[in-house]
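The values are calculated or read from the model by the stated rules, or taken from the named source; none is laboratory data. Quantities reported herein were computed from a predicted structural model and do not represent experimental measurements. Glycine gets a Cβ as well: all are built from the backbone with ideal geometry, and neighbour counts include every protein chain shown.
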Amino acid sequence: MPWRECDRVSERLDFVRQAGAGAVSLKELCRRFGVSARTGYTWLRRWRVEGEAGLVDRSRRPSSSPNQTSAVMEDLVVAVRKEHPVWGGRKIHRVLANQGHQRVPAPSTITGILRRRGLLGEETKPRGYQRWERAEPNELWQMDFKGHFPLDSGARCHPFGLLDDHSRYNLTLDACADERTGTVRPLLIKAFRLHGLPSQILCDNGSPWGNGQGQPWTPLTVWLLDVGVGVIHSRPYHPQTAGKEERFHKTLGLEVISTRPSWADYHAVQDAFDSWRTIYNHKRPHDSLDLDVPADRYRPSTRPYPETIEPVDYPDDYQVRIVSAAAKIRYQGRRISVGKAFRGRHVGIRPTTTDSIITVHYRHHIIRTINLTDHPTSP
């Protein structure tokens, strides 16, 4: 499938970063990106010699002279701020240093430059949150839709984001027409094929990965269990659980969505998302990463996406039942509901060490814990 023009640098940066991480073979990486081994080696050679400039179509402007005057450096600071209006002194300092400039002013000096030039607005930071993160990439991804916004056509755009918890690396960012399973599942498959499988995905309780009524299992989350990805739902009415995705969406709103008075159509939004995703992953210093960029921490998963889903196989000590069209199973003369998403599927029942308490499993996941005393026998 041909790549969109504005995607090329982002895709190639992803490729060389992942190749450098060495988590998967170059042959497997080329397969995931849909390129030949020859093309993959060409990108790597250009990247090692020229850096990012080697990944574009030979139109990148050369680096600036190391002998800068203070006036020139101040202009550079202002240029970065104008290109990224919500970046502060620490981020601008790190970006200029990463670009190889000598004698970059201290962050406090850069803040003073911005203030003198009238470029320092009111900035607030969230308070009262306790940070946590998984120890390694791909242990946990977070996914969510950002609040939708109107297009000139009268339709509404629903931004969908997928974020690695450890590195804050954005795995996909898509301008969607709705928030349905049929829209999300192909986007997840594309991400899985490119980056491999995470161990778990964290999501909220809304559609399409929850029904908003305390039932976490939907066709989408059951499919995730089928491909080998565990599902975690955040606590209801507690968005801080998925705080990284929430913060990512806030940044997306400030740096992309709110920068235009209106958006023509989905293609215009997606082009802007694609361009910004490269900046976010590879250029924008992240405060929570000690001003590293997410790509510095991320590496692809070693678990490939299974193109064929294996049938369910339970241990011998499980009692297997088929979920009826009414979403129930029969056990010891009782009819027990297990959820509509499991209709027609095989589940496993296992007694616990506590009398009258059983667990209902789907594959390797407990989907319900049942107290049999709450379910009287039925004819």
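Just a few scattered comments:
- Condition check for Thr218: farther than 19 Å from Ala191 by Cα and modelled with pLDDT under 85: no
- For Pro311: the one exception among (1) surrounded by 15 or more Cβ atoms within 10 Å (Cβ to Cβ); (2) within 31 Å of the chain's Cα centre (by Cα); (3) more than 30 Å from Val16 (Cβ to Cβ); (4) not β-branched (Val, Ile, Thr): (1)
- The set of residues in the range 191-205 being free of Cβ contacts under 8 Å to residues at least 60 places away in the same chain and either surrounded by fewer than 16 Cβ atoms within 10 Å (Cβ to Cβ) or within 12 Å of the chain's Cα centre (by Cα) (or both) consists of Ala191 alone.
- Candidates Trp263, Trp276 - the one that is of a type in the set (Phe, Trp, Tyr), in a loop (DSSP other than H, G, I, E, B) and assigned by TED's automatic domain parsing to the domain that holds Ser153: Trp263
- Of all residues in the range 359-377 being over 24 Å from Asp313 (Cβ atoms) and modelled with pLDDT of 90 or more, the one that is farthest from the chain's Cα centre (by Cα): Leu372
Yes/no per residue for (1) over 24 Å from His282 (Cα atoms); (2) at pLDDT below 80; (3) surrounded by 14 or more Cβ atoms within 10 Å (Cβ to Cβ):
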residue: Pro85; (1), (2), (3): no, yes, no
residue: Gly88; (1), (2), (3): no, no, yes
residue: Asn98; (1), (2), (3): no, no, yes
residue: Gly118; (1), (2), (3): yes, yes, no
residue: Gly128; (1), (2), (3): yes, yes, no
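- Flag if His361 is surrounded by 12 or more Cβ atoms within 10 Å (Cβ to Cβ), under 30 Å from Ile189 (Cα atoms), in contact (Cβ under 8 Å) with a residue 60 or more places away in the chain and not assigned by TED's automatic domain parsing to the domain that holds Gln18: no
- Residue within the range 28-51 that is outside the structural domain of His101 (by TED's automatic domain parsing), closer than 16 Å to Gln99 by Cβ, in a helix (DSSP H, G or I) and at pLDDT 80 or above present: yes
- Just one of the listed residues (Thr377, Thr373) is in a loop (DSSP other than H, G, I, E, B) and hydroxyl-bearing (Ser, Thr, Tyr), namely Thr377.
- Matching residues, the range 156-190, being farther than 19 Å from Ala23 by Cβ, among the acidic types (Asp, Glu) and either touching a Phe, Trp or Tyr at 6+ places or on another chain (Cβ under 7 Å) or buried (at least 20 other Cβ atoms within 10 Å of the Cβ) (or both): Asp174, Glu179
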